[in-house]
C-alpha cells in the first residue's frame with residue numbers, strides 16, 4: 001500500500017474507526033461489530049479492514065475507474081454506511097449491504113461524470129468466468145485470444161453481466177445477489193441463466209464455442 005493509500009485510509013479511520021487490528025475484535029461477527037460501532041465509532045474500523053480488499057476488487061470489476069477513483073468511491077461508501085448504520089437490516093448480511101452501497105456509489109459517480117460504466121476484467125477473472133459459465137477449455141481460450149473473448153464478455157448487456165460477475169467472480173449466493181441488486185430471487189435466477197445463454201450465443205457467433 002503506497003503513501004497516498006495510507007493517507008486516505010488513515011483519514012477515514014481517524015473519523016470512523018481506529019481499532020483496525022485490536023486483538024479479539026477480528027474474531028467477532030459483523031453483527032457483533034455493528035452493535036459495538038453504534039456506540040463507539042472506533043469499532044467501525046474493523047469492518048473497514050474486513051471488507052476493503054474485496055470491495056475495491058468489486059469496484060474494479062464493474063467499472064473502468066482507476067485505483068485512485070476506486071479508493072475515493074470506497075471511502076465515500078464507508079462514510080455512507082457508517083452514517084446509516086442504524087438503518088442496517090439485520091435480516092440481510094452486512095457484506096451484501098456494503099456491496100449495494102458500493103455499487104450505487106460507483107454508478108452515481110459515473111453518472112455525475114457523464115461516463116458509461118464499463119467493466120474491467122483481467123485475465124484471471126476472465127478465465128474463471130469462462131470455466132464457470134461455458135465449456136471452453138483454457139487451451140481453447142488461449143487459441144482464440146483471451147482479449148477477443150474479453151470483448152465478447154464485456155459486450156454483454158449490463159444487467160446480465162453484473163449478475164454473472166456477482167455469481168461467478170464475487171461468488172455470491174442468489175440471496176446475496178437479491179439484496180445487492182434489490183431484485184426478486186426469480187429475477188436473479190433468470191438474469192444468470194439468460195446471461196449464460198447470451199454469452200454462449202455470442203461466443204458461438206465469434207466461432208469460439210460450438
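Just so it is clear, none of the values below were taken in a lab; they were calculated from the coordinates. Quick caveat, the model's predicted, so the values are computed rather than measured. When we count neighbours, we look across all protein chains shown, and the Cβ atoms used for this are built from the backbone with ideal geometry, even at glycine.
Using 0.36 nm times the number of residues separating residue 158 and residue 114, minus their current alpha carbon distance, what extension gain do you get?
14.2 nm
Label-point separation (nm) for residue 104 and residue 88, each offset 7 Å from Cα along Cα-to-Cβ?
1.5 nm
Working out 0.36 nm times the residue gap between residue 148 and residue 205, then minus their Cα-Cα distance, what length gain in nm do you get to one decimal?
19.3 nm
Suppose R0 equals 22 Å; then what is the FRET efficiency for residue 32 and residue 79 from their Cβ-Cβ distance, rounded to the nearest 0.05?
Taking R0 as 22 Å, the efficiency between residue 32 and residue 79 is 0.50.
Calculate, in nm to one decimal, what residue 197 and residue 183 gain on full extension: separation in residues at 0.36 nm each, minus their alpha carbon distance.
Between residue 197 and residue 183, full extension yields an extra 3.0 nm.
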